[in-house]
Structures are given as structure tokens and as C-alpha cells.
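*Asks:* Sharing a structure with you now.
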Amino acid sequence: MKLFTRLFLSHALVVVLTVLAMLLLTEVFASSFIRHHVEQMVRVLGPAGHTYQDDLTRGMRTALTGGLLVAAPVALLLAVLVALTASRRVVRAVRQLSEGSRAVAHGEYRARLPEHGQDELGDLARNFNRMAATLEQVETSRTDLISTVAHELRTPITALRGYAEALSDGVLPQDAAARGVLRETQAMERLVEDLSLVSRVEAGAVELHVQVVPLHHLLMEGQERFDLLAASRQIQLSVVLPPQNLTVQTDPDRAAQVLANLLGNALKYTPSGGRVTVSAASKVGQAFIHVIDSGPGIEPKDQARIFERFYRLDSSRSRAAGGSGVGLTVARGLARAMGGDVTVAAAVGQGSTFTFTLPVAP
């Protein structure tokens, strides 16, 4: 039996039972009400009223019965129409949900249901639309990932083919070809490692060894690691160390990886003669590490996307520098896995400030 038929019959059964119960209860309780009313009329009429008592009783009962016989079919008709409308609405919503779920099952993630009302059917439509939007976003991310990986691999593969052809034609010395092949295979190896790390970070499968770490040690190690690079690029690297008693609860290796990514990006995009400053502070159980550079800044439209996989502000420069475009994605993922975050505040022409937060050790 179809859902519409079941719903309609259920509503109709409820209506019929209600009408029958009303008629039965009327017959049960009407006699006492009629008798009481007739007695009041007899008292008003005086001694002559007793002559008409039986006629009054029969007349009132006849009028009541006639009214019920007329009202009951009309009430049944109206109730049937209401049941028909309600059943159609429910069945229409179920049919739309069935068609939408069938479309999603066939990969049509843009399918949406109309959202009407604030009842359970409206909530069902809204939840379905949210699910479809999430699936559409996942599918878009998957497609973008495949396209981006193919694009990233195209450059080293093209270079490898060029080295192979040049070596075959004898126009390139073997040692030069070997160095080129090694360089391109290392680039592909870095890409594979970055992809593996991104997938583990996004899946929450990165193993962390959380411990209490003095924050000034973390900053000192970062300064020692990047001092020579900053000097070679004629960039002034300044680190303002926090109090030695300020400790954070983190994985020291992963925290150093996040800080290294932020410092490496700052030095990469800061021009010669510029300045990169690292400072730290704490507030309400959180430690804040600020990496401030005097680079070109970041457009507002780019600030929301720089943490996406493979998104680059300057694709040619990043690729030439050996970057795969997932550094900030990994940095934010690791920071959040350790109970912190990575955020950015920047203005075009005024540099950028990346903030790395970690929970303060109790």
C-alpha cells in the first residue's frame, strides 16, 4: 500500500472515530441537559407548562438529532479534505527527499530540496541540503586535489623527459643530466611526502608526544635555525624572548615544524633589507607567538585561502623555491591538533603577521 493511501486512511479513520465518539457522547449526556432545560422552561411557564413538558423534550431532542445529522456529514467532508491536504504535503516532502537522495547517490551533489515551514519536514529538508552541500564541497576538494597533483607532477615529469631526450641526443653531459634528474625526483619525493603528511593531518592521524616545553626554548631554536638564512638574504631577524617561566603544552618537534614554516615563509617573502620579528605573549591560558614580516602583505581575498591545500600567492616563485603549497595547511592542522591555531592578519604593502597559539601548561 502506498504511503499516501496509508496516511489518508489513517487520518480518515481518526476523523470517523472522532465523529462516532461525538455522536455517542451526545446521546449519553444530552438527555440530562435537555431534561434540565425543559424543567427550567416548565417553571417559567407555571402550572400550564407541565402540559407541554413531553412535547418540549421531544422537540429539543429532534432538533438536536437533526442538527447532528446535518453537521456530521459536513464535518466529515471538511475533515476528509484536511486529511487529503495533509497527506499530500507529507507525501510530497517524502517524494522530494527520495528524488534528492537518488540524485545525490548518482553524484548530482547540487540537488537541493525546497525549504518550507519550521516543522519537522522543513528541518528534514534543511538537513538534507546541508548534507548535499557538504558532499558537494568534498567532491570539489577531491577534484581540485586530483587536478592540482596532476599539475604539480607535470613540471618535474616534463623536465625528466627533457633531460632524457637531451641525454639521448648527446646535447647534455651525463653529469649535468644526472643532477637535473636527481633534482626533479627530489621535488616529486617532497610532493609525495607533503601529500602524505596533509592526509594524516586532516584525518587527525598524526602522532603527537605532548609535553611541557619552555616557550623561550622553542623561539631560541627557531632563531638559531634561521639566523644564517636571514643573514644570507640581508634580512634582520629579531626574536623577543618571553619570560623563562612561560611554558606551553605541546609536541616540541611539531611545534618547531609549525614555527619553521612560518619563519621560512616570512623570510621567503620579505625583500632584502627587510625585517622579521618574532615575539610571544600569553593571555587566558593561551600563548601567542607572533611572526611579523615587512613583506608585501596579503590581499584580503587571499587571506581566507592561504591555508588551503596547494594555494599559492605566487605560484611560480613558490615552485621555484621548492614549495609544494601545503606548508600552511600542515601548520594550521598541526597547531589545531595540539589545541592551538594559526591565524593571519595582513595589509597590502604593510607586511603580514602570522599568530601561532598554543595552550599554556597548567
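*Asks:* Within segment 187-195, is even one residue touching a Leu at 6+ places or on another chain (Cβ under 8 Å) and surrounded by fewer than 14 Cβ atoms within 10 Å (Cβ to Cβ)?
*Replies:* no
*Asks:* Right, something else. Taking Arg161 as the residue in question, decide whether it is loosely packed, with under 15 Cβ neighbours inside 10 Å and farther than 30 Å from Ala103 by Cα. Write out each step before concluding.
*Replies:* Details: loosely packed, with under 15 Cβ neighbours inside 10 Å: yes; farther than 30 Å from Ala103 by Cα: yes.
So Arg161 fits the description; yes.
*Asks:* Next question, about the same structure. Can you work out which of the residues in segment 92-142 that are under 30 Å from Val15 (Cα atoms) and in contact with a Lys or Arg (Cβ under 8 Å, 6 or more places away or on another chain) is modelled with the highest pLDDT?
*Replies:* The selected residue is Glu115.
*Asks:* Hey, could you check segment 294-312 for residues that are open to solvent by 20 Å² or more (accessible area, probe 1.4 Å) and more than 30 Å from the chain's Cα centre (by Cα) and say which is farthest from His217 (Cα to Cα)?
*Replies:* Pro296
*Asks:* Every residue in segment 328-343 that is farther than 13 Å from Ala287 by Cα and open to solvent by 30 Å² or more (accessible area, probe 1.4 Å), please. Break it down stepwise before answering.
*Replies:* First, pick out the residues of segment 328-343 that are farther than 13 Å from Ala287 by Cα: 328-334, 336-337, 343.
Scanning segment 328-343 gives Arg332, Arg336, Ala337, Thr343.
*Asks:* Also, quick follow-up: Every residue in segment 98-109 that is outside any loop (DSSP other than H, G, I, E, B), in contact (Cβ under 8 Å) with a residue 24 or more places away in the chain and open to solvent by 50 Å² or more (accessible area, probe 1.4 Å), please. Full working, then the answer.
*Replies:* First pass over segment 98-109, keeping only residues outside any loop (DSSP other than H, G, I, E, B): 98-105.
Filter once more, keeping what is in contact (Cβ under 8 Å) with a residue 24 or more places away in the chain: 100-101, 104.
Passing the criteria: only Ser101.
*Asks:* What number of residues within segment 198-242 satisfy the criterion of being open to solvent by less than 80 Å² (accessible area, probe 1.4 Å) and not hydrophobic (A, V, I, L, M, F, W, C)?
*Replies:* So the answer is 9.
*Asks:* For residues in segment 68-97 being β-branched (Val, Ile, Thr) and either more than 30 Å from Thr26 (Cα to Cα) or in contact (Cβ under 8 Å) with a residue 40 or more places away in the chain (or both), which is most open to solvent (accessible area, probe 1.4 Å)? I'd like the intermediate steps shown before the answer.
*Replies:* Filtering segment 68-97 down to residues β-branched (Val, Ile, Thr) leaves 70, 74, 80, 82, 85, 90-91, 94.
If we keep only those that are either more than 30 Å from Thr26 (Cα to Cα) or in contact (Cβ under 8 Å) with a residue 40 or more places away in the chain (or both) as well, we get 80, 82, 90-91, 94.
On the way: Val80: 56, Val82: 99, Val90: 47, Val91: 16, Val94: 65 Å².
Taking the candidates together, the pick is Val82.
*Asks:* Let me ask something else. Quick check, is Ala71 farther than 20 Å from Glu139 by Cβ and in contact with a helix residue (DSSP H, G or I) (Cβ under 6 Å, 6 or more places away or on another chain)?
*Replies:* On the way: farther than 20 Å from Glu139 by Cβ: yes; in contact with a helix residue (DSSP H, G or I) (Cβ under 6 Å, 6 or more places away or on another chain): no.
Against the criterion (farther than 20 Å from Glu139 by Cβ and in contact with a helix residue (DSSP H, G or I) (Cβ under 6 Å, 6 or more places away or on another chain)), Ala71 does not qualify.
*Asks:* From Val206, Val198, which residue is of a type in the set (Val, Ile, Thr), part of a helix (DSSP H, G or I) and under 30 Å from Val138 (Cβ atoms)? Full working, then the answer.
*Replies:* Numbers: Val206 fails: part of a helix (DSSP H, G or I).
Every option except Val198 fails the conditions.
*Asks:* Which condition number in (1) free of Cβ contacts under 8 Å to residues at least 40 places away in the same chain; (2) touching a Gly at 6+ places or on another chain (Cβ under 7 Å) is the one that Val284 fails?
*Replies:* Val284 satisfies every listed condition except (2).
*Asks:* Right, something else. Residue check, Asp175 against (1) surrounded by fewer than 13 Cβ atoms within 10 Å (Cβ to Cβ); (2) under 30 Å from Tyr109 (Cβ atoms), all met but one. Which one?
*Replies:* (2)
*Asks:* Same structure, new question: Kindly provide the set of residues from segment 163-182 that are assigned to a helix (DSSP H, G or I) and either touching a residue at least 12 places away in the same chain (Cβ under 8 Å) or of a type in the set (A, V, I, L, M, F, W, C) (or both), ordered by number.
*Replies:* First pass over segment 163-182, keeping only residues assigned to a helix (DSSP H, G or I): 163-169, 174-182.
Result: Tyr163, Ala164, Ala166, Leu167, Ala176, Ala177, Ala178, Gly180, Val181, Leu182.
*Asks:* Report yes if Gly264 is touching a Phe, Trp or Tyr at 6+ places or on another chain (Cβ under 9 Å), in contact (Cβ under 8 Å) with a residue 60 or more places away in the chain, surrounded by fewer than 20 Cβ atoms within 10 Å (Cβ to Cβ) and not hydroxyl-bearing (Ser, Thr, Tyr), otherwise no. Break it down stepwise before answering.
*Replies:* Working: touching a Phe, Trp or Tyr at 6+ places or on another chain (Cβ under 9 Å): yes; in contact (Cβ under 8 Å) with a residue 60 or more places away in the chain: yes; surrounded by fewer than 20 Cβ atoms within 10 Å (Cβ to Cβ): yes; not hydroxyl-bearing (Ser, Thr, Tyr): yes.
Taking the combined requirement at face value, the residue satisfies it.
The values are calculated or read from the model by the stated rules, or taken from the named source; none is laboratory data. Quick caveat: nothing in here was measured; it's all calculated off a predicted structure. No Cβ is skipped: glycine too gets one built from the backbone with ideal geometry, and neighbour counts run over all protein chains shown. Calculation scope for accessible area: heavy atoms of the full protein, side chains included, ligands and nucleic acids excluded. Shrake-Rupley method; radii C 1.70, N 1.55, O 1.52, S 1.80 Å.
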